[in-house]
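Working notes for the structure below.
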Amino acid sequence: MSVAERTDPLLGIDLARAPESAKDFKGKVNPDWCKGCGDFGVLNSLQRALFELELKPHEILAVSGIGCSSNLPGYLNAYGMHTLHGRSLPFATGAKLGNHELTVIATGGDGDGYGIGGNHLMHTARRNLNLTYLVMNNQIYGLTTGQISPTSRPEMKTKSTPFGNLEYPINPITSAIMNGATYVARGYSADPKHLVELIKGGIQHQGFSLIDVFSPCVTFNHDNDFAFFKPRIKKLEDEGHDTQDWKAACEKAMAWGDEIYIGLFITNDRPSLDSMEMVLQDGPPLARRELGLSKEQGKKLIGRMM
Amino acid sequence: MSVNGLDFTIGIGGAAGQGIATPGNILARMFGRRGLHLYAYNAYQSIIRGGHILLSIRIRDQEVHSHGDGIDMLLCLNQDTMDRHLNILKPGSWVIYNADKVEPGELPEGVLACPMPVGELAEGSKNKLIQNTISLGVMMSVLGADFGVLQEALEQAFGRKGAAVVEENVKMARAGYDHAAANFESFPTPLPEGEKPLAMWTGNSALAMGGAAAGVKFYCAYPMSPSTGVLHWFANHAHELGIMVRQVEDEIGVANMAIGAAHSGCRAMCATSGGGFALMTEAIGAASMMEIPVVYINVMRAGPSTGVPTKTEQGDLWQALGASQGDFERFIVAPVNCLDAYNTVPEIFNLVDKAQCPGIIISDLLISEGTFNVDPDLVDLQPEINRGDFLVDPSPNGTYLRYKDTESGISPRVVPGYEGFVHTVATDEHDEDGVIISDEFTHPHKRRKSVEKRARKFQGVVADVPAPSLEGPADAEVTLLGWGSTYGVIKEAIEILAEQGVVANQLPIKWIAPLHGDVVEDILSSAKKVILVENNHSGQFARYLRSETGYSPDGHIRKYDGEPFMPHHVVEGVLELMKTEESIYVPYQEIIV
């Protein structure tokens, strides 16, 4: 096979070689996000994290739902699934269980993950499968042109709440902690260096990791923009936070005033589902195993029916 | 007992919690070992304790296709059973009851009463379920079976509970057996034996086992009657067969998780009932758009909404046809009986793998929860597995296009994990390379090409689906048309009609989509009179048939009271529709449960 045949004409890179920079994780097309969107910082941080972890594109599956941020898998040079609104976690769970050798990363927004997909987050957290969930939280519905999201602040005026939001927001950090997630972090898209470390930690963590990222919407959310976050953002590590202390983690996660914390809130080593599941212990991933019943297995099944 | 050999139905009635399942299973196993054919239908309610249950176990010395037309031996575990069902017993039948607790009521003429002095026989046993064991002894004696067969079955059923439990049950069964031998009239001829022992299964276990044989490596579900038996089978066999089995938070999660697993390369399946299937439908469209093969099973129960959870109906045909938004193809198949349910799973997996699209199996409570015997030699444990255009050991060869626009419409598939084939699949409309075209510039020509590609690959596999064919004499006066689980009851109705001088045949429909409408229309338009039998009110298949062929049957037999057809319901319907101008006949359900 000639070198030309092995080169992807769109990316201009050798298909089989190891990435030489974070740029090798750039996808086939460029993001269609608004200029200045927080999601750029998240995408760049993810690409950098994957590169620094020395992963190859084919070892990664990025799964998203629907929303501006859910377009991310298309902008990443990795296997991708761009799926239904709110369903990235079930898709990612199925794919990871089918091939547990893949590094599976779910991505999406706050509406996708905390609204329509909220039920799946609760159960994926307690299930503790070895997945990384990256939520670009902009506290607004962007793709539908500006309505409240589950994380919008009370009284916020949007197209669906012209008289102000009457509902209280979800706190994704405390929710994930309460539901048993074993790695819960919050990042800020304007601090990519910090975010890269959180993402790397999440991918390396053996269990479910939620990384909620403040990723401001420059078009529809003028309340929680970069100017709002900049003076308030404080890092947990600067405060000597103990990541084993879930009560302190919840207290810090609830802070929403002059100080808003980012960093790793909790982590623990509760065994992951894939490490406990008997069926995955021996042999290759399920997707690569031989299909059907052996003669011996069939005989046993019939025997029990007699 | 029919003159043509053994044809006998035992009814066991009681309340939930009275342990009907145990004697039912013991009887079924004994009959199976004796080589007798069995068809058991359990009429029950959505209640854990109380209510009324009637388990009908019909046995024959030849193949049995329905739960029959009546009860020949009624075991009353409570007064309610006696009060409800005594009136349907015909001369020559038996009624067995606990004489200490149940008043017999006025026995119809010719019905033999078998009162069991349970207190006396039980000799002070504190076991509340002991009347069940005593009655097994009574039944075996009346049927003229050897006690050793029952003893063996009891040892197997209670072995796990320890020697003392086995001993008590054998002793009580013996007491019942001896009491009956001394006091009750038994069968004029002893229970016959078949050629060889038969295996026992339910429709749900057949669907699950069919999945295992087809190579299912991922099964997930949310419990819902009457589909939960599939989950239980998989859960019990997960470790032994190396199958990932998960109970998921809801059916939305189930349906999408199955696609995720299928995308990784596993054969993936899930089962639910109508309400859960409604939640799954968006995912079915996703599987179509992303071109990922997954099999969804809908075990129908009476709807709409939560409906009647423990009753049967063929009411979800249009839900399957219309599952999910958008205009796309899917396979839909309604197995006609338990063995067919088993065979259908590998069949549909080969089709969905070939066409890279979703497939739907429609079962119903009658097949799924019924208990049946099967000749073990008929169970194909190594069915053909064909994964279609699926690259299992790919190596890079230029730019890989996941949705390559081929002549057949089928694009060679590579699953994640292989170097040099990185791509994104999407539920948004996409180009050949998987890049979505929906956002910035929805190119109408690209959209048209994608729609046509997906439709074309389905057209290419239509020939792989067998066309329906007529069963029975070609020159019949009446052609009975049915789909899915009505196959057996129609078959028996035809036998009864023949005895009454009416020549009928049957066109059973298993594959709903694709239908082979031209074949169906050819057969029906040359029939003398066509009557469509279906277990619903509005005639769902009648409407589908009209939409696909323009053909309308002459008459309809419909039942929508939650209970399945009995053969005489169909017979009476045919006779009625042959002599009147009416086009719809609705049978009366005489066994009230």
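A simple charge model with +1 on the Cβ of Lys and Arg, -1 on the Cβ of Asp and Glu and nothing else charged puts the dipole of segment B:207-378 at about 220 debye relative to its Cα centre. If r is the Cβ-Cβ distance from A:Phe228 to A:Tyr168 and R0 is 25 Å, what FRET efficiency results, to the nearest 0.05? So, using R0 = 25 Å, E works out to roughly 0.85. On segment B:300-362, 54 percent of the accessible area sits on carbon and sulfur atoms, based on a 1.4 Å probe.
Legend: calculated FRET efficiency, B:Ala467 to A:Glu239, from the Cβ-Cβ distance at R0 = 60 Å, rounded to 0.05, equals 0.25. Buried between B and A is an accessible area of approximately 5800 Å², summed over both sides with a 1.4 Å probe.
Karplus-derived 3J(HN,Hα) values for segment B:535-550, using 6.51 cos²θ - 1.76 cosθ + 1.60 with θ = phi - 60°, are 8, 7, 8, 8, x, 5, 6, 4, 5, 5, 4, 5, 5, 8, 10, x Hz; glycine and proline are entered as x.
The amide H of B:Phe390, built 1.01 Å from its N in the peptide plane, has B:Arg413 as neighbours under 5 Å, considering only residues 5 or more places off or on other chains. In degrees between 0 and 90, to the nearest 10, how far off the longest principal axis of chain B does helix B:251-264 point, with axes built from Cα atoms? That works out to roughly 60 degrees. Rounded to the nearest 10 degrees, what's the angle between the helix B:274-290 long axis and the longest principal axis of chain B, both from Cα atoms, 0 to 90? Approximately 30 degrees, to the nearest 10. For B:Gly35, nonlocal amide neighbours, meaning residues 5 or more places apart or on other chains whose placed amide H falls under 5 Å from its own, are B:Gly194, B:Leu198.
About the centre of its Cα atoms, segment B:277-412 shows a dipole size close to 400 debye [charges on the beta carbon of Lys, Arg (+1) and Asp, Glu (-1) only; nearest 20 debye]. Listed by chain and number, the lysines placed with their C-alpha closer than 27 angstrom to that of B:Lys446 are A:Lys26, A:Lys28, B:Lys354, B:Lys404, B:Lys457; residues fewer than eight positions away on the same chain are left out. Working note: Karplus 6.51/-1.76/1.60 with θ = phi - 60° gives segment B:489-497 the couplings 5, 5, 4, 6, 4, 5, 4, 5, 4 Hz, where Gly and Pro are set to x. Volume of the convex hull of segment B:451-593 (Cα atoms only), normalised per residue: 123 Å³.
Of all accessible surface on segment A:22-305 at a 1.4 Å probe, what whole percent is carbon and sulfur?
The C+S portion of the solvent-accessible surface of segment A:22-305 is 53 percent.
Estimated at 0.36 nm per residue, the fully extended path between B:Leu107 and B:Ala455 surpasses their Cα-Cα distance by 118.9 nm. How far, in degrees from 0 to 90, does helix A:88-98 lean away from the longest principal axis of the Cα atoms of chain A, to the nearest 10? Computed tilt is about 20 degrees.
Comparing the full protein assembly with the isolated chain, the residues of segment B:355-388 losing at least 40 square angstrom of accessible surface (1.4 Å probe) are B:Leu381, B:Gln382. Legend: Rg and Dmax of the protein assembly as shown, from Cα coordinates, 31.3, 96 Å.
Over chain B, average the accessible area per residue using a 1.4 Å probe and give it in Å², no decimals.
Values: 21700 Å² over 593 residues.
Here the residues of chain B average 37 Å² of exposed surface.
Amide H contacts under 5 Å for A:Tyr133: A:Ala106, A:Ser209, A:Leu210, A:Ile211, restricted to partners 5 or more places along the chain or on a different chain, H placed in the peptide plane at 1.01 Å from N.
Note on segment B:207-378: dipole from Cβ charges, positive end direction compared against B:Ile243, B:Ile348, B:Thr281; the farthest Cα belongs to B:Ile243. Which listed residue (A:Tyr79, A:Phe91, A:Gly115) has the Cα farthest towards the positive end of the charge dipole for segment A:70-164, taking +1 on Lys and Arg C-beta and -1 on Asp and Glu C-beta about the Cα centre? Farthest towards the positive pole: A:Gly115. When the other protein chains are added to the chain by itself, burial of at least 40 square angstrom of heavy-atom accessible area (probe 1.4 Å, ligands and nucleic acids ignored) affects these residues of segment B:214-229: B:Lys217. From most to least packed by mean Cβ count within 10 Å, the peptides B:265-272, B:9-16 give B:265-272, B:9-16. When the P(r) of segment A:22-305 is calculated, the portion above 37 Å amounts to 15% of the C-alpha pairs.
Here the label points at A:Glu259 and A:Leu291, each 7 Å from Cα along the C-beta direction, are separated by 5.8 nm in the simple model. When segment B:389-465 is described by a simple charge dipole with +1 on each Lys and Arg Cβ and -1 on each Asp and Glu Cβ, the residue from B:Thr442, B:Tyr403, B:Ala463 located farthest towards its positive end is B:Ala463.
Atom-type composition of the exposed protein surface of segment B:1-147 places 49 percent of the accessible area on carbon and sulfur (1.4 angstrom probe).
Measuring r between the beta carbons of B:Lys90 and B:Gln62 and using R0 = 30 Å, the FRET efficiency lands at 0.90. In order along segment A:43-59, phi translates into HN-Hα couplings of 4, 4, 5, 5, 4, 5, 4, 5, 5, 5, 7, 6, 7, 9, x, 6, 8 Hz, rounded to whole numbers, per the Karplus curve 6.51 cos²θ - 1.76 cosθ + 1.60 with θ = phi - 60° and x for Gly and Pro. Each Lys and Arg adds +1 at its Cβ and each Asp and Glu adds -1 at its Cβ; summed about the Cα centre, chain B shows a dipole of about 1020 debye. The GluC sites (Glu not before Pro) found in segment B:333-406 that occupy coil by DSSP, while having at most 11 further C-beta atoms within 10 Å, are B:Glu384. Interface burial in segment B:232-269 reaches 50 Å² or more for B:His239, B:Glu240, B:Leu241, B:Met244, B:Arg246, B:Glu249, B:Asn256, B:Met257, B:Ser264, comparing the full protein assembly with the chain by itself; accessible area from heavy atoms with a 1.4 Å probe.
The values are calculated or read from the model by the stated rules, or taken from the named source; none is laboratory data. What you see is a predicted model, and the numbers here were worked out from it, not measured in a lab. All Cβ positions, glycine included, derive from the backbone under ideal geometry; neighbour counts span all protein chains shown. Note: areas computed on protein heavy atoms with side chains; ligands, DNA, RNA excluded. Shrake-Rupley method; radii C 1.70, N 1.55, O 1.52, S 1.80 Å.
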